[in-house]
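Q: Could you have a look at this structure, given as structure tokens, before my questions?
The values are calculated or read from the model by the stated rules, or taken from the named source; none is laboratory data. Bear in mind that the values here come from a model prediction, so they are computed numbers and not experimental data. Don't worry about glycine lacking a Cβ; one is built from the backbone with ideal geometry, like all the others, and counts go over all protein chains shown.
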């Protein structure tokens, strides 16, 4: 795993397409229990090299019901975006994740994480890649989250830009977040009860 993580962090495949430069951001361990598959690092994460180190990460940790100490413990959480580097700014927010990363690095990483019990699919890019219901949109998937549990849970991206979506879909906070927190708590308590 450490060799693979070094290879990922040294990756230069997309260098010509990254206006802010290359800085792959990932967190994983062979012991990880929960895998978060997000979009791509934002500007602040690119600058610090710390995944989800921004307001989106604060919201995500709140949705998961965990603090930063647990979240950044790779024995519990693996953080694997669809694109490992900040893609740059677009007209209405960050650009989409670079398409080269997931095909190059996801399967080798997944093969090194045999204890994953929950995969949280954050946003449309992760959901389109990992869910077989390609004809559904994000809102439909998130609304029907129960059909994916206990192994997977689709959620919207926790970006402040998605406040409008959250306001229009209050059932997310009322139903999905408590179910997600319950499943996370269940997974995190497994070693104590074994």
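Q: Taking segment 30-53, which residues are under 14 Å from residue 85 (Cα atoms) and in contact with a strand residue (DSSP E or B) (Cβ under 8 Å, 6 or more places away or on another chain)?
A: 37, 38, 39, 40, 42, 43, 51, 52
Q: A further question on this structure: Looking only at segment 123-140, decide whether some residue is surrounded by 17 or more Cβ atoms within 10 Å (Cβ to Cβ), in contact (Cβ under 8 Å) with a residue 24 or more places away in the chain and not in a helix (DSSP H, G or I).
A: Yes, that holds for at least one residue.
Q: Something else now. How many of the residues making up segment 134-158 are more than 19 Å from residue 171 (Cβ to Cβ) and at pLDDT below 95?
A: Residues that pass the stated criteria total 2.
Q: Next question, about the same structure. Considering every residue within segment 86-103, establish whether at least one is outside any loop (DSSP other than H, G, I, E, B), more than 22 Å from residue 35 (Cβ to Cβ) and touching a residue at least 12 places away in the same chain (Cβ under 8 Å). First the steps, then the outcome.
A: In the first step, residues of segment 86-103 are kept if they are outside any loop (DSSP other than H, G, I, E, B); the result is 89-90, 93-94, 101-103.
Cutting the leftovers down to more than 22 Å from residue 35 (Cβ to Cβ) gives us 89-90, 93.
Then drop every residue that is not touching a residue at least 12 places away in the same chain (Cβ under 8 Å), which leaves 89, 93.
Yes, segment 86-103 contains a residue that is outside any loop (DSSP other than H, G, I, E, B), more than 22 Å from residue 35 (Cβ to Cβ) and touching a residue at least 12 places away in the same chain (Cβ under 8 Å).
Q: Same structure again: So, of the residues in segment 150-184 that are assigned to a loop (DSSP other than H, G, I, E, B) and exposed (fewer than 15 other Cβ atoms within 10 Å of the Cβ), which turns out to be farthest from the chain's Cα centre (by Cα)?
A: 170
Q: Tell me whether segment 96-110 contains one or more residues that are touching a helix residue (DSSP H, G or I) at 6+ places or on another chain (Cβ under 7 Å), surrounded by fewer than 16 Cβ atoms within 10 Å (Cβ to Cβ) and on the phi < 0 side of the Ramachandran plot.
A: Yes, segment 96-110 contains at least one residue that is touching a helix residue (DSSP H, G or I) at 6+ places or on another chain (Cβ under 7 Å), surrounded by fewer than 16 Cβ atoms within 10 Å (Cβ to Cβ) and on the phi < 0 side of the Ramachandran plot.
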